[in-house]
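Rule-based calculations on the coordinates, nothing more; no lab input. Computed from a prediction, not measured in an experiment: that's the story for all the values here. We place every Cβ from the backbone using ideal geometry, glycine too, and count neighbours over all the protein chains shown.
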Amino acid sequence: MAFDYDKYIRPGKLPHIWCPGCGHGIVMKGLIRAIDTLGLDKNNTAIVSGIGCASRLPGYLDCCTLHTAHGRAAAFATGVKMAKPEMNVILCGGDGDGTAIGGNHFIHACRRNIDMTYIIMNNNIYGMTGGQFSPCTPTGAKASTTPYGNPDPSFDVAQLAIGAGATFVARGTAYHATQIDKLIVEAIQHKGFSVVEILDDCPTTYGRRNKFKSVIEMMNRLKDVAVPVKAAEKMTAEQLQGKIITGVLHKVEKPEYTTEYAKVIERAQK
Amino acid sequence: MAKKVAFLQGNEAAAQGALYAGCTFFGGYPITPSTEVAEVLSNELPKIGGKFIQMEDEIGAMASVIGASLTGAKVLTATSGPGLSLKQELIGYACIAETPCVIVNVMRGGPSTGMPTGPSQSDVMSAKWGTHGDHPAICLVPASVQELFEETVRAFNLAEKYRTPVMVMPDEIVAHMRERIVFPEPGELEVINRTAPSVPPEQYKPYDTSFGDVPPLAAFGTNYRFHVTGLNKGQDGFPTTKAAWVQAEEERQVRKVEANVDDIVQFEEYLLDDAEVAIVAFGSTSRSARFAVNEARKEGIKAGLFRIKTFWPFPEKQINALAGKVKAIITPEMNLGMCTGVVKGCIDGKAPVHGIFRVDGEPINPGQILEKIKEVK
């Protein structure tokens with residue numbers, strides 16, 4: 001029997017705003033399957049986002065949903081989680097939202113290791129505003145504000161999260177659709193701040209400017225550059241040139257923030 | 001039983017007032033001269049099972065309190081000028097998403113870093129116009145440590161009653177001075193809690209105006225699932241660009257405060273019955289003004305004081321009536337004429353308005369005001 005997505009979609013809110021060929025819908029379906037697999041109570045699940053195409057995701061889901069201001073998802077979500085630690089808190093958004101204007105909130109959520117899951121849909125561009133370069137746009141790429149090629153070096157979102165202290169970091173792609181829910185399930189199950197970066201595509205504002213002839217070509221690129229962690233272990237640096245490692249990249253156990261604050265309360269009440 | 005009395009700093013009183021009102025969440029960022037509010041609450045909130053978090057920046061602090069408020073908590077943040085500038089982005093979010101929250105902003109010199117330890121009253125226009133777009137504004141300007149406690153309680157009440165951010169703005173003098181305070185007994189001051197939805201979850205809409213201009217707000221993590229956004233929204237909380245809805249919602253958000261000015265606006269009239277010269281002042285400056293009025297009276301000059309307690313909404317009606325009864329109005333303030341301009345704007349030219357402006361980090365002393373009274377009487 002086909003999976004029933006309608007159980008989690010708000011009636012009357014589709015069609016979504018995303019362009020044909022955009023991978024955000026694939027990620028949303030992955031998130032829905034993950035929520036279903038884990039049996040999360042919709043009443044007890046907050047989905048929080050910032051601003052941008054990917055940040056429109058919460059509006060479609062029948063949960064407690066919070067579409068905040070540009071870059072601020074992690075900070076709003078921290079307030080929700082601190083005030084009600086028993087809630088499942090899931091964040092989602094794009095690369096510009098999360099690593100540029102929201103960079104400070106992102107790294108500090110990682111540092112606190114607060115028990116939330118952040119799904120970053122990385123399509124290497126500011127899509128909603130029409131294709132300006134983001135901190136994740138590859139050097140040399142064309143964007144509406146890099147007509148001569150992007151002079152900026154780009155962030156490795158997963159490495160940024162690991163460096164900042166996130167205790168679970170995974171990477172998938174919109175092409176590898178069936179892997180997305182598995183990564184999100186593991187991320188939500190992890191006690192601490194978990195980051196799932198999904199390499200995504202924006203055919204409308206990135207693909208056209210960067211000589212991708214079709215969505216299929218963009219999707220095939222995601223297929224071709226992805227190397228699973230296990231396979232990468234057996235490859236040389238030379239073989240890994242231009243590849244992107246996918247799967248669970250980092251998983252460690254460290255004290256979780258709301259648990260630690262519960263201890264603060266205990267000490268204060270002694 | 002004798003009441004509990006203490007010798008308290010203004011910022012400490014604000015923190016105690018928040019606890020009295022039922023605050024269970026504080027999100028903040030260190031900034032002079034408001035930091036003691038955070039320090040006290042970092043100590044007190046965990047004792048009652050509440051939460052304190054020091055965020056990574058001022059914007060994050062504002063975001064955290066809005067997030068916490070949506071779970072049903074009464075929330076507070078505290079800051080000062082430069083922090084207020086940063087928080088404005090999300091104060092606007094709290095206005096449009098209609099999320100109750102209280103902001104204590106201790107006024108120091110500005111603009112920018114300005115004079116971090118010097119007193120000022122120059123954030124009063126930021127309280128109304130700091131965030132972009134049309135929005136409601138409530139701003140309270142207490143003049144003593146006791147009043148800072150009480151007005152913080154009232155700020156929580158107004159935030160919950162009108163589903164909107166409320167600012168408490170002591171100047172640095174009120175926030176940092178120490179005075180005797182008599183703690184109200186539990187139940188002595190009114191404490192207003194958020195109105196819970198009266199409809200079942202499947203019928204709930206977060207901005208359902210069939211319940212009036214202030215629709216009930218449900219909490220995340222209960223059986224009520226709803227959507228919150230900073231976009232213009234319809235009654236169901238989802239984004240809309242339908243012209244009629246946007247217009248109606250924008251007007252309602254402002255109206256819910258403007259139509260209730262008599263419930264919100266508080267002021268004090270001192271020796272105004274026969275006054276020929278009226279001082280209009282607020283915060284610590286009003287204390288110098290009261291002293292000057294008393295001195296003037298000793299010399300036979302009919303002076304009086306109109307003390308603003310609620311700066312926004314501004315007591316326009318009362319000051320307009322006052323202007324019709326006096327020969328002159330004097331507006332001493334620690335800025336270059338912010339209150340003066342508002343006073344002039346609401347009195348239809350009925351009386352001349354003489355400002356006394358000081359932005360050098362020194363308080364306006366009674367002598368300065370007395371001199372002006374003699375000059376204009």
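When only Cα pairs below 8 angstrom with a gap of at least 6 residues are kept, segment A:20-174 shows a relative contact order of 18 percent. Taking the Cα centre of chain B as reference, the dipole from Cβ charges on Lys and Arg (+1) and Asp and Glu (-1) amounts to some 360 debye.
Sequentially through segment B:366-375, phi angles give Karplus couplings (6.51, -1.76, 1.60; θ = phi - 60°) of x, x, 4, 6, 4, 4, 5, 4, 5, 5 Hz, Gly and Pro residues having no value and appearing as x. Just so you know, the averaged projected area of the alpha carbon convex hull for segment B:233-377 sits at 10.8 nm².
The fewest-to-most ranking of A:VAL225, A:VAL48, A:VAL185, B:VAL104 by surrounding Cβ atoms within 10 Å reads A:VAL225, A:VAL185, B:VAL104, A:VAL48.
Evaluating kT/(6 pi eta Rh) at 25 °C and 0.890 mPa s, with the Kirkwood radius of the protein assembly as shown over Cα pairs in the Stokes-Einstein relation, gives 93 µm² s⁻¹. For chain B, what percent of Cα pairs sit more than 31 Å apart? That tail contains 36 percent of the Cα-Cα pairs. Based on the reciprocal of the average 1/r between different C-alpha atoms, the Kirkwood radius for segment A:24-91 equals 12.1 Å. By the count of other C-beta atoms within 10 Å, a proxy for reagent exposure, A:THR246, B:THR222, A:THR258 are ordered fewest to most as B:THR222, A:THR258, A:THR246. Contact order, relative form, for segment B:96-191: 38 percent (alpha carbon pairs under 8 Å, 6 or more residues apart, mean separation divided by residue count).
The phi torsions of segment A:35-48, fed into the Karplus equation with coefficients 6.51, -1.76 and 1.60 and a -60° offset, translate into couplings of 4, 5, 4, 7, x, 5, 6, 4, 5, 10, 10, 9, 10, 10 Hz, rounded to whole numbers, with Gly and Pro shown as x. If you look at the Cα atoms of segment B:1-100, you get an Rg and a Dmax of 13.7, 47 Å. Relative to the compact-globule estimate of 2.2 N^0.38 Å, the Cα radius of gyration of segment A:122-185 comes out at 1.32.
Taking the Cα centre of segment B:201-262 as reference, the dipole from Cβ charges on Lys and Arg (+1) and Asp and Glu (-1) amounts to some 200 debye. Across the options B:GLY337, B:ILE59, B:VAL166, the greatest Cα extent toward the positive end of the charge dipole of chain B (unit charges at beta carbon of Lys, Arg, Asp, Glu) belongs to B:GLY337. Its residue count N fixes a reference of 2.2 N^0.38 Å for chain A, and the Cα radius of gyration divided by that reference is 0.98.
Taking Lys and Arg as +1 and Asp and Glu as -1, the other residues whose beta-carbon sits under 13 Å from that of B:LYS4 total 0. Counting every pair of alpha carbons in segment A:118-227, the share spaced more than 23 Å apart comes to 32 percent. The mean sequence distance of close C-alpha pairs (under 8 Å, at least 6 residues apart), as a share of the length of chain B, puts its relative contact order at 16 percent. Calculated mean residue ellipticity, 222 nm, chain B: -11500 deg cm²/dmol, from DSSP H runs (n ≥ 4) at -39500 (n - 2.57) each, averaged per residue and rounded to 500. Ordered by the count of other Cβ atoms within 10 Å of each Cβ, fewest first, B:GLU89, B:GLU202 give B:GLU202, B:GLU89. Taking square-rooted eigenvalues a ≥ b ≥ c of the alpha carbon gyration tensor, is segment B:201-262 rounded, prolate or oblate, where a/c under 1.5 means rounded and, failing that, a/b exceeding b/c means prolate? Here segment B:201-262 falls in the oblate category. A simple charge model with +1 on the Cβ of Lys and Arg, -1 on the Cβ of Asp and Glu and nothing else charged puts the dipole of the protein assembly as shown at about 820 debye relative to its Cα centre.
Within the shell defined by Cβ-Cβ distances under 14 Å, the residues around A:TYR5 carry a net charge of +1, with Lys and Arg each +1 and Asp and Glu each -1. Phi angles across segment A:10-24 convert, under the Karplus curve 6.51 cos²θ - 1.76 cosθ + 1.60 with θ = phi - 60°, into 3J(HN,Hα) values of 5, x, x, 9, 9, x, 6, 8, 6, 5, x, x, 6, x, 4 Hz, Gly and Pro given as x. For A:ASP156 and B:ASP213, a Förster radius of 35 Å and the Cβ-Cβ distance give a FRET efficiency of 0.10, rounded to the nearest 0.05.
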